[in-house]
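Undergrad: Pasting in a structure now, in structure tokens, and then I'll have a few things to ask.
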Ligand SMILES: Nc1nc2c(c(=O)[nH]1)N[C@H]1C(S)=C(S)[C@@H](COP(=O)(O)O)O[C@H]1N2
Ligand SMILES: [Mo]
């Protein structure tokens, strides 16, 4: 570890106590403004410094998969949205070659399976295997600009989105999944495409995805805008 990084982490640990204090009052109408907003920025810097993009979460065995019915179908709405006619994934933002990918085109890209434990902030956890395309593979296709530091994922479910730090989005166990437990993804779990990752809490994993944007600036998220932690690493 370099001297600067050590000094930075020391500073981070000191501010960590402040972050904890800031965390108790997250019910403001503008959680990103003022003191809490500042603390969120400090928190992002600290968590980014601590995040190790090369560390893989343990891949679990098929026998670890939750029984059907034991993987909650968690959502903000009262029903599961259906994909709009002619659904396709848009991948763009500050990139050299934006693309629009149909479900078929996605299936033709390099396929990855990941089976890790899912952690919802509400306290439950469950295990499934997920098949899809790494977000890093999409990044390779579109070639993000050097200024990009965030990736925003948007759902066609009105209002649901989440923005991520670039490193977590490019982690090898962060994928856009179209399959679950060896079957095509069901609508309840986010078909035709949902985000899945070993390195984030459940609310960062946007279901019913329609847009991926590589951005130089940080945006928010459905739960993040309501006071939940933005980084939300596992
Ligand atoms: N579009 C959308 N994505 C979403 C949600 C949601 O309500 N809408 N809920 C999030 C939360 S809080 C969790 S824990 C996971 C749940 O995924 P699951 O339904 O596959 O268990 O989806 C996340 N993605
Ligand atoms: Mo969740």
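Undergrad: If only one of 177, 191, 232, 186 is farther than 29 Å from residue 39 by Cβ and either outside the structural domain of residue 119 (by TED's automatic domain parsing) or free of Cβ contacts under 8 Å to residues at least 24 places away in the same chain (or both), which one is it?
TA: On the way: 177 fails: either outside the structural domain of residue 119 (by TED's automatic domain parsing) or free of Cβ contacts under 8 Å to residues at least 24 places away in the same chain (or both); 191 fails: either outside the structural domain of residue 119 (by TED's automatic domain parsing) or free of Cβ contacts under 8 Å to residues at least 24 places away in the same chain (or both); 232 fails: farther than 29 Å from residue 39 by Cβ.
Selected residue: 186, the only one of 177, 191, 232, 186 that is farther than 29 Å from residue 39 by Cβ and either outside the structural domain of residue 119 (by TED's automatic domain parsing) or free of Cβ contacts under 8 Å to residues at least 24 places away in the same chain (or both).
Undergrad: Before we move on, is residue 156 surrounded by fewer than 22 Cβ atoms within 10 Å (Cβ to Cβ) and touching a strand residue (DSSP E or B) at 6+ places or on another chain (Cβ under 8 Å)? Give the steps one after another, and end with the answer.
TA: On the way: surrounded by fewer than 22 Cβ atoms within 10 Å (Cβ to Cβ): yes; touching a strand residue (DSSP E or B) at 6+ places or on another chain (Cβ under 8 Å): yes.
Yes.
Undergrad: On to the next question. Determine whether the stretch 181-199 contains at least one residue that is within 16 Å of ligand 1 (Cβ to nearest atom), in contact with a strand residue (DSSP E or B) (Cβ under 8 Å, 6 or more places away or on another chain) and within 20 Å of residue 95 (Cβ to Cβ). Break it down stepwise before answering.
TA: Going through the stretch 181-199, the residues within 16 Å of ligand 1 (Cβ to nearest atom) turn out to be 181-199.
Right, trim to in contact with a strand residue (DSSP E or B) (Cβ under 8 Å, 6 or more places away or on another chain) and you get 181-182, 184-186, 189-199.
The next check asks that each one be within 20 Å of residue 95 (Cβ to Cβ); those that pass are 193, 195.
Yes, the stretch 181-199 has at least one match.
Undergrad: Any idea which residue in the stretch 104-118 is nearest to ligand 1 (Cβ to nearest atom), counting only those that are buried (at least 16 other Cβ atoms within 10 Å of the Cβ) and in contact (Cβ under 8 Å) with a residue 60 or more places away in the chain?
TA: Initial filter on the stretch 104-118 (buried (at least 16 other Cβ atoms within 10 Å of the Cβ)): 106, 109, 112, 114-116, 118.
Then drop every residue that is not in contact (Cβ under 8 Å) with a residue 60 or more places away in the chain, which leaves 106, 112, 114, 116, 118.
Numbers: 106: 18, 112: 18, 114: 14, 116: 13, 118: 6 Å.
Checking each candidate, the answer is 118.
The values are calculated or read from the model by the stated rules, or taken from the named source; none is laboratory data. Since the structure is predicted, the reported quantities are computational estimates derived from the model, not experimental observations. Because the Cβ atoms are built from the backbone with ideal geometry, glycine has one as well, and the counts that use them run over all protein chains shown.
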